[in-house]
Amino acid sequence: MYSSENIESKISKAALIQALQDFIAAESVLFDEEDLKPYECDGLSAYRAIPLIVVLPETIEQVQRVLTLCHENMIPVVARGAGTGLSGGALPHEQGVLLSLAKFKNILHIDPNRRIARVQPGVRNLAISQAVDQFGLYYAPDPSSQIACTIGGNVAENSGGVHCLKYGLTVHNIQQLKIITIDGELLTIGGSGLDSAGYDLLALMTGSEGMLGVIVEVTVKLLPKPERAQVLLAAFEDVVNAGEAVGNIIAAGIIPAGLEMMDRLAIQAAEDFVHAGYPLDAEAILLCELDGTNEEVSEHVSKVRGVLKQSGATEVRTAKDDAERLTFWAGRKAAFPAVGRLSPDYYCMDGTIPRKQLPQVLKAMADLSKEYELRVANVFHAGDGNLHPLILYDANIPGELERTEEFGGKILELCIKVGGTITGEHGVGMEKINQMCVQFNSLELQQFHAVKAAFDPLGLLNPGKAVPTLHRCAEFGAMHIHRGELPFPELERF
Amino acid sequence: MNTDISQQLQQQVVQAYEQVTALRIIGGNSKAFYGRADDRLLSAEILNVSGHRGVLSYEPTELVITARAGTPLAEIEKLLDDNGQMLAFEPPAFAESATIGGTIACNLSGPRRAYVGAARDFLLGCKIINGKGEIMSFGGEVMKNVAGYDVSRLMAGALGTLGVLLEVSLKVLPKTEMVKTQLFHCSSIEALNKIHNWSQTPLPISASSFHDSVLRIRLSGAAKSVQAARDTVGGESVDNAEQYWHQLKEHKLDFFATEKPLWRISLASDIETFTAENDSNFLYEWGGALRWLKTETPAEIIQQAAADVDGHAILFRHSEQQTCFQALSPGLLRIHKNLKQGFDPKNILNPGKLYPEL
């Protein structure tokens, strides 16, 4: 299990509580076991730890004072947004303060001319799009947890969604951050122009998993809502054909707003769950969303129809209205919980591969599925190569969790082998910390540690996450041979 | 041409590290004017990356190209063009010798930047040599990748001060079916108002400029979409406008034929401080978010005015360029120095090119 890095603090719990209560209301400093319990994990509930203290500051000055206090007394700090992350990035540190940004939930300013919104980190992703809807604008990145996840967490994880191929990830859609460093200094990164002076710290902060600073304000870029969006659903008798169809759409010069693939097991699960009208005899379906101006969408819909048919689709449907479009999407969006109904437990993977490797990777996964006697349902952001294989297992059957862990590890290694990555959008957190040793060599990991040290030389922010120590990799190397011993998480949602 | 000289380059960096010799990194030397002048650079040993060249992988349907840093930009653009694709950030070359490595190191983007993103937005991964002579890779060749810190994008615009680029992987996009340009005679205020109204609607605008009471808008996309947009925005249709946009990108318009210091000011698009009203020393791009200014006004005054509106000003050409880039806040400068220390502890890579302290 997760053993947090041992850090020797200079202050007792009681003294720390008192010091915090000096400037934060007593009800916003939590220290009783029962109050701390709700914070013991994030969306990756297999890893749990009770923090020493939870604080819920309300102002930037309070966050500065919390960090200054922790810095002076060698107290680890883990920042937390909505806690929906899937890689254990917000897992508390047992000797540390869990810093919740939940009270920072105001939209500070919307500027339709500049197409930006300045928001506090605890604002929910979807709430931004809802607030700017009146101006015909929206915030593009849409992780599946967008109803609950916060923008601060999105920045920390560089969250994606189903529209990344066309509209990019979080890093492409933010303009300015205000962060507090571990020694309590407020820094403004980025500016009001499209670029800013110096190094691209905005990119460095995005996806840094709470290791470099605490985000206290985010300026997001907004886009005009497309005039029209249209979805096509294509069925295939062969997964390979579906994969080729994706390449053929792009070869036709079209970048779809969303391009999702589901395999037979995922289709069946989704259909049983939400009755989206998916063809149950298909081996794979593609959902292709096209957006833009009216004229453009009409032109592209007819082009894509042609491409899909030429690529061997047995059936191509075009959603006849917005209601049907949403129904087509409903199945995909419910895929995770739908698969969850097929099996007591499932484990969600998050590798990305070069798209052309899809047939090979799917074949290898099918072989592994037989070898490990575990079913896999595949949900795939086909446009950008981000795979979410869901391994079905039952934790109550002795040995099955261990087999799942081993299987999952093989899938991640497969992703690296074909030129991909261990995480496309869920982050490393605690979950994939060992696989970082496979993807990066020791020089690269040391360089990451140098980046960390540039912001947080004492290593107090989110210790033990995101980038493994070389020592840990050496240990993992030994364990690597006996994979069955590896601790691996289960996932309960999405 | 396809040549791998990475070992040679690595040896030179290792040696410079051991002997603490400053290195001046050169690709095609097309943007040598850009960045600070610093005595350490004048006496530095040259590290020439231009011989390290060749496209390593490119499959159009993957929308990714990987090339060695010394590969000429023109060679890459030709290859993409032959396949109906492009570098969507429209990088300026400024000379035929420009390389893809220099393009990324400078993070300069052309007219389309405001509408699709900058060079850094299309950078997926890179291989570098750090200041200790260590070769490492970050990012990769896939669109979505959140493993580790985004060191690749950190290299974009770092002017080689954190590492020598060896290879870069870039996202590419299909070229658009139709491109049309519309022209309007109006004041700068009217121009910005028009742009702001349009930018809140889903029009296929791919470039904009304003100079001498003339606003130009480029529309790119599916043919029917562009035709419809032309009717929506109105104005005069301009034929063969591609040459105009090319000359704007390459600084070959008459506006740029000057010996006066040329400033590049980046700010919010609706700021009225740096206004082009009745002043032909201004040229706007990016819907007003980028303003070129020819002026002898002292750097402190220009940069203070830019800072006052939360923007920044770069002395782009024609000056001694000691104060080329906008000063950083003390807190940011500290982080910059720490990062420099972490990548280039002996300060041998392009010392002083970006800031005197780096």
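Throughout, read-outs are computed from the coordinates displayed, never taken from laboratory work. Computed from a predicted model, the values in this text were never measured in an experiment. Counting neighbours? That spans all protein chains shown, and the Cβs are built from the backbone with ideal geometry, glycine included.
Once you average over the residues of A:450-457, how many Cβ atoms of partner chains fall within 10 Å of each Cβ? Each step should come with its number before you reach the end.
Numbers: counts 9, 9, 2, 4, 10, 4, 1, 1.
Taking the mean over all residues of the peptide, I get 5.
Given their separation in residues at 0.36 nm each and the Cα-Cα distance between them, B:MET1 and B:GLN247 gain 85.7 nm when the chain is fully extended.
Diffusion coefficient (Stokes-Einstein, Kirkwood radius over C-alpha pairs, 20 °C, 1.002 mPa s) for region B:127-227: 124 µm²/s, rounded to a whole number. Within region B:208-228, which residues have the backbone N less than 20 Å from the label spot 7 Å out from B:GLU272 along Cα→beta-carbon, could you tell me? Correct set: B:210-215. Here r is the Cβ-Cβ distance between A:SER9 and B:VAL20 and R0 is 35 Å; the resulting FRET efficiency, rounded to 0.05, is 0.30. Averaged over the residues of peptide A:342-349, the number of Cβ atoms from other protein chains lying within 10 Å of each residue's Cβ is 0. Annotation for A:ASP394 and B:ALA223: the two label points, set 7 Å from Cα along the Cα-Cβ direction, are 6.1 nm apart. Calculated mean residue ellipticity, 222 nm, chain B: -8000 deg cm²/dmol, from DSSP H runs (n ≥ 4) at -39500 (n - 2.57) each, averaged per residue and rounded to 500.
Where in region A:48-71 does the label zone of A:LYS105 land, with the point 7 angstrom along Cα→C-beta and an amide N cut-off under 15 Å? In region A:48-71, the label zone of A:LYS105 (backbone N under 15 Å from the point 7 Å along Cα→Cβ) covers A:56-59.
Name the shape class, rounded, prolate or oblate, that the alpha-carbon gyration tensor gives for chain A, where a ≥ b ≥ c are the square roots of its eigenvalues, rounded holds for a/c under 1.5, and otherwise prolate holds if a/b is larger than b/c and oblate otherwise. Oblate shape, in that a/c is at least 1.5 and b/c is the bigger or equal ratio. Here is the short version for the protein assembly as shown: A:CYS41, A:CYS70, A:CYS149, A:CYS164, A:CYS288, A:CYS348, A:CYS415, B:CYS106, B:CYS126, B:CYS186, B:CYS324 have no other Cys C-beta closer than 4.7 Å.
Can you pull the percent of Cα pairs in region B:251-346 with separation above 20 Å? Present the calculation step by step, with values, prior to reporting the outcome.
Numbers: 1943 of 4560 pairs.
That tail contains 43 percent of the Cα-Cα pairs.
Angle check, please: helix B:73-82 long axis (alpha carbons) against the longest principal axis of chain B (alpha carbons), in degrees 0 to 90, nearest 10. The answer is roughly 60 degrees. So how much slack lies between A:GLU58 and A:GLU324, counting 0.36 nm per residue of separation and subtracting their Cα-Cα distance, in nm? Gain in length upon complete extension: 91.5 nm. Entry note: region B:78-187 has Rg to Rh equal to 1.04, where both radii use alpha-carbon atoms and Rh is the Kirkwood radius. As a rough guide to protection, the peptides A:150-158, B:11-19, B:87-95, A:6-14 ranked by mean Cβ packing within 10 Å, highest first, stand as A:150-158, B:87-95, B:11-19, A:6-14.
Our summary of shape: the Cα atoms of region A:352-441 have principal axis extents of 35, 28, 19 Å, ordered from largest down, in whole angstrom. The ellipsoid that matches the Cα gyration tensor of region B:1-156 has semi-axes, each √(5λ) in whole angstrom, of 26, 18, 16, with the longest given first.
Averaged over peptide A:105-112, how many Cβ atoms belonging to another chain are found within 10 Å of each residue's Cβ?
Values: counts 0, 0, 0, 0, 0, 0, 2, 4.
Mean partner shielding for this stretch: 1.
For chain A, adding -39500 (n - 2.57) for each run of n ≥ 4 DSSP H residues and dividing by the number of residues yields -10500 deg cm²/dmol at 222 nm.
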